[in-house]
1. Name the residue, out of E151, E200, E170, E208, that is surrounded by fewer than 22 Cβ atoms within 10 Å (Cβ to Cβ), in contact (Cβ under 8 Å) with a residue 40 or more places away in the chain and either assigned by TED's automatic domain parsing to the domain that holds E259 or not charged (D, E, K, R) (or both).
2. Touching a strand residue (DSSP E or B) at 6+ places or on another chain (Cβ under 7 Å) and surrounded by 20 or more Cβ atoms within 10 Å (Cβ to Cβ): does that describe L305?
3. Pull up region 327-344, narrow it to residues that are of a type in the set (D, E, K, R) and part of a helix (DSSP H, G or I), then point me to the one that is farthest from K440 (Cα to Cα).
4. Give me a count of the residues in region 345-390 that are in a strand (DSSP E or B), over 18 Å from V143 (Cβ atoms) and over 22 Å from the mean Cα position of the chain (by Cα).
5. Can you tell me which of T263, T278 is among the polar types (S, T, N, Q), exposed (fewer than 13 other Cβ atoms within 10 Å of the Cβ), free of Cβ contacts under 8 Å to residues at least 24 places away in the same chain and not in a helix (DSSP H, G or I)?
6. Go through region 282-305 and give me each residue that's over 20 Å from I31 (Cα atoms) and either touching a residue at least 60 places away in the same chain (Cβ under 8 Å) or in a loop (DSSP other than H, G, I, E, B) (or both).
7. Within region 201-243, count every residue that is among the aliphatic types (A, V, I, L, M), more than 30 Å from E106 (Cβ to Cβ) and either touching a strand residue (DSSP E or B) at 6+ places or on another chain (Cβ under 6 Å) or assigned to a helix (DSSP H, G or I) (or both).
8. Take region 193-220 and flag every residue that is among the aliphatic types (A, V, I, L, M) and under 30 Å from F176 (Cα atoms).
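The values are calculated or read from the model by the stated rules, or taken from the named source; none is laboratory data. These numbers come from a predicted model, not from an experiment. Cβ placement follows ideal geometry from the backbone for every residue including glycine, while neighbour counts extend to all protein chains displayed.
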Amino acid sequence: MTLPNSFLGKFKRLMKTEEYNEFINSFEKHIFEGIRFNSLKLTKDEFLKRINNISERIPWTSDGFYFNKENSDVRITIHPYYHQGLFYIQEPSAMYPAELLAATREDKVLDLCAAPGGKTVQIAAQMENKSLLVSNEISPKRVRALKKNVELYGIKNTIITNSTGKNLLETYGTYFDKILVDAPCSGEGTFRKDKHAIKEYDKYVGQELYETQRDILDFAFKMLKNGGYLVYSTCTFNPEENEKQIEYLIKTYDCQLVEGNKTDGMASGRPLWSEESTIDLEKTTRFWPHMTKSEGHFIAKILKLSGEEYKGKNSKSKWKPYKYIPEKIREFMDNNIRIDFNNSFYYCEDEEYYLMDHEYPFDKKNKIQHLGMNIGKLNKYNFIPSQSFAMTLRQNEVKKIIEVDFNNANKYLKGETLEINQEDGYYGIVYQDNILGWAKFNNGFFKNLYEKSWRKVNDGNSFNTSIN
């Protein structure tokens, strides 16, 4: 692997010769893959019964395991389990920032740089789909992947925005109990698996990037409540994007570092790489590829002690009580769903209906991409339940289901018609106890309602034997 000369030169100056050689040699070694089970849909034991080729638990997570793709012919992302949102493939060290954030069902949380969504779905699982998680992505292209993952994994407490820190601050003010800033970075920690990151490295690393990270931190800190926690992370190694950014935060605001547990090769940050080595940067965490079974990450957790409180928009709620929802939607719910939504609130935009358990604030200027639970579309003829709604449901929450085997699951996921006879009405299609999506019978005709943009090309039949 040919690494950028500027990268090699920097770390040759920063590191002692022995460590530098170990570090650089690690870029030629094995890449570790990770997989996290979705606790919103199944337990750890249920997950381990379904997936065979798990090697060991990732020690710094509660729900992550090493997954060895090289020793398996499994292409797990085309199996029905993937399309049920039962797991997320993620680099092992990337699981730690959300783990350190430790969100709860009482917290209001902001994931400020959220795409493609791995940390958002991890946080939502910690929150047990309760309270509010605002997941923001400034890139219009990347926000599409975020939306897909939020829907696929059955997340229903999340508002997705495509906005800036400045606009979010104007909307929410000082509002959040916990904030994750997985900042845009130079990506040095992805060099082993992403040759494009090497090619583009010198284009992106530099003062403009450092200032962008600092601006993001400023807006994030203003949105964080006093007594709240901010986790800052990057997938890069250089101190300008890591220790020096935390040094700036500590010197600018009334806050302090909080140390997380370190295990299995996790290292401390390096105070000597900052401008003022007196700041206790050893409380930050580094993942080095020559020390851990992972790629590269830097993570810091900060407690906000005090600061100016900013007011958000005091706008009139856009939500309405569920009791006023149109009769056709209520009729669908009564006939098909075993959930009491009477304490929920709904919002309608372009015939699409959304539910949340509280009147949480949002502002259209933040380019809303998703609100809580998108239950479906009501046109002048009928209500059509959404794929997103199906993914939030457990098997026992749907009154009428059709259980399918592996072959029919793949046919359904490709949008094909199943040779099944049922009474007229809506059905949840179930594969091994989890929902795949909706189907409708009308005059004996099976209509496949699986989301067209999600449909499979490869049926995955050759991989059935490798996964339970």
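1. One residue alone meets the criteria, E170.
2. Working: touching a strand residue (DSSP E or B) at 6+ places or on another chain (Cβ under 7 Å): yes; surrounded by 20 or more Cβ atoms within 10 Å (Cβ to Cβ): no.
Judged against the criteria, L305 is not a match.
3. Taking the candidates together, the pick is E327.
4. Going through region 345-390 one residue at a time, the tally reaches 11.
5. Result: T278 is the single residue among T263, T278 that is among the polar types (S, T, N, Q), exposed (fewer than 13 other Cβ atoms within 10 Å of the Cβ), free of Cβ contacts under 8 Å to residues at least 24 places away in the same chain and not in a helix (DSSP H, G or I).
6. Hits for region 282-305 are T284, T285, I299, A300, K301, I302, L303, K304, L305.
7. Counting residues in region 201-243 that are among the aliphatic types (A, V, I, L, M), more than 30 Å from E106 (Cβ to Cβ) and either touching a strand residue (DSSP E or B) at 6+ places or on another chain (Cβ under 6 Å) or assigned to a helix (DSSP H, G or I) (or both) gives 1.
8. Hits for region 193-220 are L209, I216, L217, A220.
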